[in-house]
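Enquirer: The structure is given below, and queries will be raised subsequently.
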């Protein structure tokens, strides 16, 4: 069992692992990974030991601020008592839009709660980098699904210098706001992955994001895999290589 420590960082609960003592010690680089909508805050923690990276690399896994376990939201009733979200999503409405091919409308929407989520994760990143004494420019930010969308939004705002970004099964949101900011991704190493049979965020939506990032001059590694809304072994292998390249070179 890999060692972890849990603490409140900024306004979020965070699990920290890796480093010289197994719980964030040392002066190595930092990888911050954000879970997806409806997942528990610890959802991605088990991926850390599956990533083949040097032991001095530290990992942090923030839990999203919103709980979905209330009776009105229904997630708790389905057994996901720690289900969380970075912002709320109307699942039925989202599925209706996707089933009718309304990618333009989905991409254009600025989710209610996006600004609040971004502010919270920015504050947590500030405190993580300061508290763990992360060398400047030695942080990789990423996530899965909704966590990937939030990571992309933070990256495009350009407030901090990142070593790279990991986008697992993400898509375009707030397109009108993102377009003028795309130049901030120029030259930035980005790993983007997506399943060609994804039933939740169709592959076409990932290609839309890929086109934006390619056009802006990002150093993009795009990994398409035969699968759904998931992080398969192929993607973990590609992510391991990516992290070693951008953080340990």
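The values are calculated or read from the model by the stated rules, or taken from the named source; none is laboratory data. Model, not experiment: these values are computed from the prediction. Reconstructed Cβ throughout: ideal geometry from the backbone, glycine too, with neighbour counts over all protein chains shown.
Enquirer: Residues 38, 10: which one is within 15 Å of the chain's Cα centre (by Cα) and more than 24 Å from residue 190 (Cα to Cα)?
Expert: Testing whether each residue is within 15 Å of the chain's Cα centre (by Cα) and more than 24 Å from residue 190 (Cα to Cα) leaves just 38.
Enquirer: For region 133-156, name all the residues that are closer than 18 Å to residue 239 by Cβ and either assigned to a loop (DSSP other than H, G, I, E, B) or modelled with pLDDT under 95 (or both).
Expert: Hits for region 133-156 are 138, 145.
Enquirer: Considering (1) under 27 Å from residue 48 (Cβ atoms); (2) modelled with pLDDT of 95 or more; (3) not in a helix (DSSP H, G or I), say which one residue 187 fails and leave the rest.
Expert: The single condition residue 187 does not satisfy is (1).
Enquirer: If we scan region 228-246, do we find a residue that is under 15 Å from residue 152 (Cα atoms) and outside any loop (DSSP other than H, G, I, E, B)?
Expert: Of all residues in region 228-246, those under 15 Å from residue 152 (Cα atoms) come to none.
The answer is no; no qualifying residue exists.
Enquirer: Continuing with this model, one more query. Does region 136-163 hold any residues that are at positive phi and surrounded by fewer than 24 Cβ atoms within 10 Å (Cβ to Cβ), and which are they?
Expert: Answer for region 136-163, where residues must be at positive phi and surrounded by fewer than 24 Cβ atoms within 10 Å (Cβ to Cβ): 137, 158.
Enquirer: So is residue 176 out of contact with any strand residue (DSSP E or B) (no Cβ under 8 Å at 6 or more places or on another chain), part of a helix (DSSP H, G or I), touching a residue at least 24 places away in the same chain (Cβ under 8 Å) and within 25 Å of residue 64 (Cβ to Cβ) or not?
Expert: Working: out of contact with any strand residue (DSSP E or B) (no Cβ under 8 Å at 6 or more places or on another chain): yes; part of a helix (DSSP H, G or I): yes; touching a residue at least 24 places away in the same chain (Cβ under 8 Å): yes; within 25 Å of residue 64 (Cβ to Cβ): yes.
Answer is yes for this residue.
Enquirer: All but one of (1) free of Cβ contacts under 8 Å to residues at least 40 places away in the same chain; (2) under 15 Å from the mean Cα position of the chain (by Cα); (3) closer than 26 Å to residue 56 by Cα hold for residue 236; state the number of the condition that does not hold.
Expert: Exception for residue 236: condition (1).
Enquirer: Any residue at all in region 202-211 that is without any contact (Cβ under 8 Å) to a residue 40 or more places away in the chain, surrounded by 15 or more Cβ atoms within 10 Å (Cβ to Cβ) and touching a helix residue (DSSP H, G or I) at 6+ places or on another chain (Cβ under 9 Å)?
Expert: So far as region 202-211 goes, no, none of its residues is without any contact (Cβ under 8 Å) to a residue 40 or more places away in the chain, surrounded by 15 or more Cβ atoms within 10 Å (Cβ to Cβ) and touching a helix residue (DSSP H, G or I) at 6+ places or on another chain (Cβ under 9 Å).
Enquirer: Within region 56-92, can you find the residues that are more than 15 Å from the chain's Cα centre (by Cα), modelled with pLDDT of 95 or more and not in a strand (DSSP E or B)?
Expert: Hits for region 56-92 are 56, 57.
Enquirer: Further question: Looking at residue 130, is it surrounded by fewer than 24 Cβ atoms within 10 Å (Cβ to Cβ) and in a helix (DSSP H, G or I)? Outline the logic, then answer.
Expert: Details: surrounded by fewer than 24 Cβ atoms within 10 Å (Cβ to Cβ): yes; in a helix (DSSP H, G or I): yes.
Here the answer is yes, as residue 130 does meet what is asked.
Enquirer: Also: Suppose we filter 216, 224, 249 for residues that are under 22 Å from residue 31 (Cα atoms), over 16 Å from the mean Cα position of the chain (by Cα) and without any contact (Cβ under 8 Å) to a residue 40 or more places away in the chain; which single one remains?
Expert: On the way: 216 fails: under 22 Å from residue 31 (Cα atoms); 224 fails: under 22 Å from residue 31 (Cα atoms).
Every option except 249 fails the conditions.
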